[in-house]
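One structure is given here, and the rest of the page talks about it.
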Amino acid sequence: MKNDNQNGSVCWESPSNIAFIKYWGKKGNQLPCNPSISMSLKHSITRTQLNYFPKKSNKRIHFEFDGNTQPIFEKRIAQFIDSLVNHSPFIADFEFNISSKNTFPHSAGIASSASAMSALALCLCSAEKNITGKKLEEQEYFQKASFIARLGSGSASRSIYGGYAAWGQTNAFSKASNNYAVPFSQYTHPVFHDYQDTILMISAKQKLVSSTAGHQLMNNHPYANARYSQAFSNFERLLGILRSGDLDAFVELIENEALSLHALMMNSSPSFILLKPNTLAAIKSIRQFRTDTKIPVCFTIDAGPNIHLLYPKSEKEEIIAFIDSELKSLLENGKYLLDETGNGPQKIIIE
């Protein structure tokens, strides 16, 4: 039963994720044109606190990021929350004060929308549970949170789970759905359980094209159908690689996916080139290092210039030495972020 007099506060931390198979192109209401799979990170996270109380005014959403008001994001979040009333009717009767902060640079190609929207979705699901008294089984709870997160940002659906998560219907994985992500970690080889992701900060500036605008470019893209076919094929291949631990095949596929994404942006209309000269210089150096050492290190890149360097934990010492000696001069202020496979979101107890 709904308690209209209830005030409360909930807080969640949720991770960014790095997509191995890229989601690029959508249809309907935030539905993917191809399946994707990602690794949730451990240290690149968003912490969101949501305070809720019965509705008193027309301005129901108040949002702050890093302690500062953000009118553009507040408007987007207000529209998002209002769109959820059919899925969570309690929303219509409440106001929300939302404060959020990241442990990593915003809008620099590190999936800040994934961590932000997944954290907000988890907060809304917790608030609904507190207000209505309706309890869901853990699997149902996270499935609903993934569904809600997806409506805010497609990639956010995957951040609801730690380790590896798949999103997008495909015959290659019968549990997969377009409506929410599903966990995949239980099927992965042990080498991937603590896989490392060192994020090379070529530039911390906000990227030139938003992910939303990028997805729209696929609507009339001459190579869209070929891309979707490639993504379905690569997704199926990657499931086998994650199960077997074949790192040579992993390297080949992951880099192919990253460069395919940027090729699509470069030959879309309008065209975008998000890679920087230092991105290309770093890629050349990474590939030469791999050839010289036989270490299975590879790169992937989201919609931005920054490189996610992926490698087994057993190679960490040598990889960091390589970054410090060969790549650091290519990075903005020499900065890189050490990250790795994470355990997923965490509910924070508010003192």
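Extent of the chain along each principal axis, from alpha carbon coordinates, in Å, largest to smallest?
66, 44, 42
GNM on the chain, C-alpha springs below 10 Å: top fluctuator among I72, I18, I91?
Ranking I72, I18, I91 by mean-square fluctuation puts I72 first.
Taking Cα pairs under 8 Å and at least six residues apart, what relative contact order does segment 190-340 come out at, in percent? Spell out each step's value before the answer.
Numbers: 178 pairs, mean separation 68.0, N = 151.
The value is 45 percent.
Where nothing but the Cβ of Lys and Arg (+1) and of Asp and Glu (-1) is charged, how large is the charge dipole of segment 8-187 around its Cα centre, in debye to the nearest 20?
It comes to approximately 260 debye.
Can you pull the Rg over Rh of segment 8-187, Cα-only, Kirkwood?
Ratio of gyration radius to Kirkwood radius: 0.96.
What dipole magnitude, in Debye to the nearest 20, does segment 190-340 give about its Cα centre under +1 on Lys/Arg Cβ and -1 on Asp/Glu Cβ?
Its charge dipole is roughly 500 debye.
Just subtract the alpha-carbon distance of S57 and I349 from 0.36 nm times their residue separation and send over the number in nm, one decimal.
Going from the current span to full extension adds 102.3 nm.
Could you work out the helix-only [θ] at 222 nm for the chain, with each DSSP H run of four or more residues adding -39,500 (n - 2.57) and the total divided by the number of residues, to the nearest 500 deg cm²/dmol?
Calculated from helices alone, the mean residue ellipticity at 222 nm is -11000 deg cm²/dmol.
Select from T341, N219, P35 the residue farthest towards the positive end of the dipole of the chain; place +1 on Cβ of Lys and Arg, -1 on Cβ of Asp and Glu, and compute about the Cα centre.
After comparing all options, I get N219.
Identify, among N178, N278, T188, the residue whose Cα sits farthest towards the positive end of the charge dipole of the chain, taking +1 on the Cβ of Lys and Arg and -1 on the Cβ of Asp and Glu, with the dipole about the Cα centre.
N178
Find which of L200, I98, A231 sits farthest along the positive direction of the dipole of the chain, computed with +1 on the beta-carbon of Lys and Arg, -1 on that of Asp and Glu, about the Cα centre.
Checking the options against the dipole of the chain, the answer is I98.
Would you mind classifying segment 215-351 by shape? Square roots of the alpha carbon gyration tensor eigenvalues, ordered a ≥ b ≥ c; an a/c under 1.5 is rounded, otherwise it is prolate if a/b is larger than b/c and oblate if not.
Rounded is the answer for segment 215-351, as its axis ratio a/c remains below 1.5.
Quick check: convex hull over the Cα atoms of segment 71-175, volume per residue in Å³, rounded to an integer?
128
Let's see if you can work this out: charge +1 on each Lys and Arg Cβ, -1 on each Asp and Glu Cβ, no other charges. What is the dipole magnitude of the chain about its Cα centre, in debye to the nearest 20?
Here the chain has a charge dipole of around 900 debye.
Treat the count of other C-beta atoms within 10 Å as a stand-in for reagent exposure and order D246, D324 from fewest to most.
D324, D246
No lab work stands behind these numbers, since they all come straight from the coordinates. Quantities reported herein were computed from a predicted structural model and do not represent experimental measurements. Glycine gets a Cβ as well: all are built from the backbone with ideal geometry, and neighbour counts include every protein chain shown.
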